[in-house]
Amino acid sequence: MDVGQPTLDQLRIFLAVADEGSFNRAARKLGRALSVVSYGISALEGQLGVVLFDREGSRKPVLTEAGRALLTDARAVADEADGLVARARGIRQGLETEVGLAVDVMVPSRTVAGVLRDFQEAFPTVNLRLHVEALGAVAALVLDKRADLAIAGPDILDLPELERRAVGSVELLPVAAPGHPLAQLPQIAPGETREHLQLVLTDRSPLTEGREFSVLSSRTWRLADLGAKHALLLEGIGWGNMPRHAVLEDLSAGRLVALCLPEAAQIHYQLHALWRKDSRPGPATTWMLDALIERC
């Protein structure tokens with residue numbers, strides 16, 4: 001004989017009794033009559049064909065082996081139902097079901113992670129798609145409607161489809177390995193950098209094609225990944241600009257050296273929040289926008 005289909009109400013009664021350790025306390029917690037709780041457990045046991053609580057020898061119900069085995073599944077079903085109701089309520093109130101966020105690779109990952117941790121707590125029913133890109137590829141994701149919000153930089157060509165809001169900047173440092181010729185000079189003369197290979201972050205999109213950002217050398221290697229650029233710098237293969245937060249530990253440990261360049265004493269990588277003009281940010285996207293502006 002196959003098992004029946006328990007109702008969600010029966011599962012909630014089962015969980016209440018298991019959590020409270022008492023039929024009476026479960027009835028009070030649920031605001032139901034004791035007889036309703038008792039009948040609900042009996043009906044659920046009949047549906048499943050198993051005994052969930054050992055009621056003999058004690059007034060306190062004790063989970064049987066079968067009850068313990070099914071408790072986790074019952075809780076998962078109840079949680080899924082709660083999530084469905086919360087998501088439906090959010091949709092009716094205009095809450096997004098999903099938010100797509102595109103972030104420039106220069107933005108500190110700890111900042112983004114902190115915002116997303118708080119976002120999960122504030123909007124537990126909203127799914128997230130996170131993209132990490134460089135230069136114009138960040139804005140391209142918003143233009144293509146693959147992201148609802150972006151933190152991008154530097155300032156790209158004016159795009160009439162997008163709204164823009166300044167959110168801060170990231171300091172870039174020219175660095176090299178200690179054995180690199182530039183790192184061993186007591187003072188770098190103007191134009192000296194042109195003679196040495198520069199590692200340059202490049203764009204995966206055509207939005208900033210042909211534009212140069214802090215490129216001083218006539219010899220360059222173009223890389224689309226900041227992590228790869230970091231690794232090559234540590235190996236002494238050229239010099240390049242890196243976000244300060246990404247190389248602080250390397251500078252402290254002596255694995256990299258900050259270069260004092262007369263052509264670029266200080267570089268600030270400007271960050272902007274971008275979103276489409278034809279798509280007003282919903283509550284979750286607006287919350288994320290405000291949080292990123294505050295922390296960037």
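Quick one: Cα centre-to-centre distance for segment 105-162 and segment 16-74, in angstrom? Cα centroid of segment 105-162 versus Cα centroid of segment 16-74: 47 Å apart. For the pair Gln184 and Val132, a Förster radius of 30 Å applied to the C-beta separation gives a FRET efficiency near 0.30, rounded to the nearest 0.05.
Mind checking the dipole of the chain: about its Cα centre, +1 per Lys or Arg Cβ, -1 per Asp or Glu Cβ, Debye to the nearest 20? Don't skip to the answer; put the middle values down first.
On the way: 32 positive and 38 negative charges, 155 e Å.
That gives the chain a dipole magnitude of about 740 debye.
The residues neighbouring Glu192, those whose beta-carbon lies less than 14 Å from its own, together hold a net charge of 0 under the Lys/Arg +1, Asp/Glu -1 convention.
Dividing the mean sequence gap of close Cα pairs (under 8 Å, 6+ apart) by how many residues the chain holds gives a relative contact order of 20 percent. The lysines within cross-link reach of Lys29, meaning a Cα-to-Cα straight distance under 17 Å and a gap of 8 or more places when in the same chain, are Lys60. In a fully extended conformation the segment linking Asp225 and Ser109 would gain 40.3 nm over its present Cα-Cα distance, using 0.36 nm per residue.
Between Ser38, Leu173, Pro243, the Cα set farthest toward the positive side of the dipole of the chain (charges on each charged residue's Cβ, about the Cα centre) is that of Ser38.
Each stretch of four or more DSSP H residues adds -39500 (n - 2.57); spread over every residue of the chain, this sum gives -12500 deg cm²/dmol at 222 nm. Taking the structure as given and computing log10 I(q)/I(0) by the Debye sum over Cα atoms at q = 0.09, 0.16 Å⁻¹, which label from [x] -0.64, -1.16; [y] -0.56, -1.25; [z] -0.37, -1.38 fits? Identified label for the calculated read-out: [x].
Judged by the mean number of other Cβ atoms found within 10 Å, the most tightly packed of the peptides 137-149, 240-252 leads the ranking 137-149, 240-252.
By how many nm would the segment from Glu80 to Arg295 lengthen if fully extended, with 0.36 nm per residue of separation less the alpha-carbon distance? Walk me through the numbers on the way to the answer.
On the way: separation 215, 0.36 × 215 = 77.40 nm, distance 3.30 nm.
Full extension from Glu80 to Arg295 adds 74.1 nm.
Beta bridges per DSSP, both residues in the chain: antiparallel share near 60 percent.
Computed from the coordinates by the stated procedures, all read-outs in this text should not be read as laboratory data. Computed from a predicted structure; not experimentally measured. Using ideal geometry, Cβ is built from the backbone for each residue, glycine included, and neighbour counts are taken over all protein chains shown.
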